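What follows is a single structure, written as structure tokens, with notes after it.
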Amino acid sequence: MGSRQISVTVECFVEKDGKWLMLRRHPGKSILPGVWIGPGGHREFCEGLFQCTRREIKEETGLDITDLRIKATGIAHLQDIDQEFAFHILTARYAGGELPAESQDGEFAWLTLEEISQLDNLFAELKHLLPRLFNNDSEVMSVRAVYSKGNELAEFEIEDPK
């Protein structure tokens, strides 16, 4: 078997006043252009998960966050670019700061769960995860996803822990 490269990423859904921060990725992005996701990014070498999440949210949005909760961890394979991602999905509460007027990452919006579920071009795996991401229980999901091209989900599984 040849070598493989795995990128480690975080995606964090920040809650403020009953709404969640979403990012529509800039149309010029090489991966998932125009797709609605939670803000986040790549984990640096030997960086703690919460440390990475706070850093990425601060860098990307200008916001401070608190009460971080791990909601899902998993692996995704983007077949069209042969790239694998080990990801963590977290939720957090807004603790301060202001969103930038413009961002090279894309467009930010505070949305209700209902508004998120109706978004065109929502990151495909989120359609399956949304109801379980924003509840208050301590469940951590293990997820496996395969994308055939762009945001086209070919396989998806929430693993059964039993």
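Key figures
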item: Hits in the range 73-99 - residues which are more than 21 Å from ARG24 (Cβ to Cβ), surrounded by fewer than 20 Cβ atoms within 10 Å (Cβ to Cβ) and among the small types (Gly, Ala, Ser); result: ALA86, ALA95, GLY96
item: Qualifying residues in the range 51-72 (those that are farther than 22 Å from GLY28 by Cα and among the hydrophobic types (A, V, I, L, M, F, W, C)) - the one surrounded by the most Cβ atoms within 10 Å (Cβ to Cβ); result: ILE65
item: Test: residue in the range 92-107 that is in a strand (DSSP E or B) and touching a Gly at 6+ places or on another chain (Cβ under 9 Å); result: yes
item: Long-range neighbours under 7 Å by Cβ, at least six apart or interchain, first residue under 14 Å from GLU152 (Cα atoms) within the range 75-93, second assigned to a strand (DSSP E or B) and of a type in the set (Val, Ile, Thr); result: HIS77/VAL146; GLN79/VAL146
item: Residue satisfying condition, being modelled with pLDDT under 95, of a type outside the set (S, T, N, Q) and at positive phi, within set ASP105, ASP67, ASP120, ASP82; result: ASP82
item: Hits in the range 1-34 - residues which are β-branched (Val, Ile, Thr) and buried (at least 21 other Cβ atoms within 10 Å of the Cβ); result: VAL10, VAL14
item: Test: residue in the range 137-155 that is within 27 Å of ASP64 (Cα to Cα), of a type in the set (A, V, I, L, M, F, W, C) and touching a Phe, Trp or Tyr at 6+ places or on another chain (Cβ under 9 Å); result: no
item: Tabulated pairs, the range 41-65, first within 25 Å of GLU102 (Cα to Cα), second crowded, with 21+ Cβ neighbours inside 10 Å and among the basic types (Lys, Arg), C-beta under 6 angstrom, 6+ apart or interchain; result: CYS52/ARG43
item: Given (1) buried (at least 20 other Cβ atoms within 10 Å of the Cβ); (2) farther than 20 Å from ARG132 by Cβ, index of the condition ASP105 fails; result: (1)
item: In the range 138-160, the residues that are within 20 Å of ASP80 (Cβ to Cβ), loosely packed, with under 14 Cβ neighbours inside 10 Å and in contact (Cβ under 8 Å) with a residue 60 or more places away in the chain; result: SER148, LYS149, ALA154
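Residue by residue, here is whether (1) basic (Lys, Arg); (2) out of contact with any Cys (no Cβ under 6 Å at 6 or more places or on another chain); (3) under 18 Å from GLY74 (Cβ atoms) holds:
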residue	(1), (2), (3)
ARG93	yes, yes, no
GLY106	no, yes, no
LEU122	no, yes, yes
HIS128	no, yes, yes
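Residues are listed down the side, and each one gets a yes or a no for (1) part of a strand (DSSP E or B); (2) in contact with a strand residue (DSSP E or B) (Cβ under 9 Å, 6 or more places away or on another chain); (3) modelled with pLDDT under 95; (4) surrounded by 12 or more Cβ atoms within 10 Å (Cβ to Cβ):
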position	(1), (2), (3), (4)
GLU115	no, yes, no, yes
LYS127	no, yes, yes, yes
PRO131	no, no, yes, no
LYS162	no, no, yes, no
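The values are calculated or read from the model by the stated rules, or taken from the named source; none is laboratory data. Source: prediction; values computed, not measured. Counting neighbours? That spans all protein chains shown, and the Cβs are built from the backbone with ideal geometry, glycine included.
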